[in-house]
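What follows is a short report on a single structure.
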Amino acid sequence: MSICINDDLIWISIPRNASTSIEHSLMRSNSLKLKYPYDFEKKYFNKGLHVHLRLNLLYNFFGKKETICIKRDWFDKWLSGLEHMWWEMKIDGNIPIIDWEEITNDWIYKNFTQEYINAIHIIDKNINKTDDLELWIIKQKWNHFFVNPNYIKEKDNCFYPSTILSQNYWKNNTQCTYEFDIKEIDKFEKFISKRYNIDFKLLKLNTSDKLPNKIVKNKKLKNWVWNNFEKPFVKRNELI
């Protein structure tokens, strides 16, 4: 979840950008005053859920403040997010319609239809009030990930495709006041330590070895990801 630190800095939680490690590290600190949107600390974090919200909603909760986030190569992030979708399904006890090891480029082109892509980009459009959030997620989730319908566990309420959305989607296509590359995450630690005069270190969480698959990282796939998940945010903060 995104967090407001000491009422002067909004950390934007972007999926697959070290968000779990940063979230746990911030919450572990006894030297920082933290605020959470939608009372997530009690309603969601204590249930073991890890929720992401766009910057416009964070401003609604915390007001306009400086922002900070982790960034990474957009293509690497998309591939990492895709793998995480399948990992999360199995962790939750759901069975995907295809094993991760069997996914090919052609399978991606065929199954990630324009209708599907549009749907996952607008999934949060109707989240207007605190009371709407959980009902909205539960209502929409089953139509928007690749779970075998014969093996769905109703207790799950994760929105898997959120991991493949552009990092610009979460930032509303704006640059954060402070951005740190995931390959130099030590600079994020040093920034928080210096800004708040504390010794801040990140916990190393949510790491796993990459699973084998049949996806070929070629120019065609990179262009496809760019056109469907990145290009729509080049000139404006909503889908063109």
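For region 1-12, a residue qualifies if it is assigned to a loop (DSSP other than H, G, I, E, B), at pLDDT 95 or above and under 16 Å from the mean Cα position of the chain (by Cα), and exactly one does: 12. Does any residue of region 198-220 turn out to be in a helix (DSSP H, G or I), at pLDDT 90 or above and within 18 Å of the chain's Cα centre (by Cα)? Within region 198-220 (the criterion being in a helix (DSSP H, G or I), at pLDDT 90 or above and within 18 Å of the chain's Cα centre (by Cα)), the answer is no, since none of the residues qualifies.
Taking residues in region 222-237 that are among the aromatic types (Phe, Trp, Tyr), and partners anywhere that are modelled with pLDDT of 85 or more and outside any helix (DSSP H, G or I), the pairs with Cβ atoms closer than 6 Å and at least 6 places apart or on different chains are 229/166; 233/166; 233/173.
Apart from one condition, residue 106 fits all of (1) surrounded by 12 or more Cβ atoms within 10 Å (Cβ to Cβ); (2) over 26 Å from residue 11 (Cα atoms); (3) modelled with pLDDT of 95 or more; the exception is (1).
Total residues in region 16-74 satisfying the condition of being part of a loop (DSSP other than H, G, I, E, B) and modelled with pLDDT of 90 or more: the figure is 11.
Of all residues in region 156-203, those satisfying the criterion of being among the hydroxyl-bearing types (Ser, Thr, Tyr) and surrounded by 13 or more Cβ atoms within 10 Å (Cβ to Cβ) are 160, 162, 163, 166, 169, 178, 193, 196.
I'd like the full set of residues that are acidic (Asp, Glu) and not in a helix (DSSP H, G or I), limited to region 75-107. Explain how you work it out, then say what you get.
Going through region 75-107, the residues acidic (Asp, Glu) turn out to be 76, 83, 88, 92, 99, 101-102, 106.
Within region 75-107, 92, 99 qualify.
If you go through region 79-97 and keep only what is over 19 Å from residue 217 (Cβ atoms) and touching a residue at least 12 places away in the same chain (Cβ under 8 Å), you end up with 88, 89, 92, 93, 94, 95, 96, 97.
Name the residues in region 75-102 that are hydrophobic (A, V, I, L, M, F, W, C), within 24 Å of residue 13 (Cβ to Cβ) and surrounded by fewer than 15 Cβ atoms within 10 Å (Cβ to Cβ), would you? Before you say what the answer is, go through the steps one by one.
The first filter runs over region 75-102 and keeps only residues hydrophobic (A, V, I, L, M, F, W, C), leaving 75, 78-79, 82, 85-87, 89, 91, 95, 97-98, 100.
Retained after the next criterion (residues that are within 24 Å of residue 13 (Cβ to Cβ)): 75, 78-79, 82, 85-87, 89, 91.
Matches in region 75-102: 91 only.
The values are calculated or read from the model by the stated rules, or taken from the named source; none is laboratory data. These numbers come from a predicted model, not from an experiment. Every residue, glycine among them, receives a Cβ derived from its backbone with ideal geometry; neighbour counts consider all protein chains shown.
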